[in-house]
Amino acid sequence: MVWLNILLNLQIKSESQYWEEGNIFFAEGNVTAYINGAILQADQLKVDQSNKTLIAKGNVRFRNGSNYFSASEF
């Protein structure tokens, strides 16, 4: 489990996690991210601290209270 505080409260669980180039974080395999009370699930998650971006790929599901969506990429 990794805690990242970029612009939001972000907690990530996954099968594997690693850093690339010091500021890009990857999580792969059954990724679950808790973001300010919402839940994001995906096959892969990339967090780029320099550009302040988060990209989720593969079987993406997002739930925030009663709001829900699914996609192949977010």
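Each value in this text was obtained by applying a stated rule to the coordinates, not by laboratory testing. Model, not experiment: these values are computed from the prediction. Cβ atoms come from the backbone with ideal geometry, glycine included; neighbour counts cover every protein chain shown.
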> Considering amide H positions built from the backbone, and no H for Pro or chain starts, which residues 5 or more places from Leu10, or on another chain, come under 5 Å of its amide H?
Replying inline: Leu4
> Whole-Hz Karplus ³J(HN,Hα) for segment 48-60, in order, using 6.51 cos²θ - 1.76 cosθ + 1.60 and θ = phi - 60°, x for Gly and Pro?
Replying inline: 9, 5, 5, 8, 6, 10, 10, 10, 10, 10, x, 6, 7
>> Which order do the peptides 19-29, 62-72, 35-45 come out in when sorted by mean C-beta neighbours inside 10 angstrom, highest first?
In response: 35-45, 19-29, 62-72
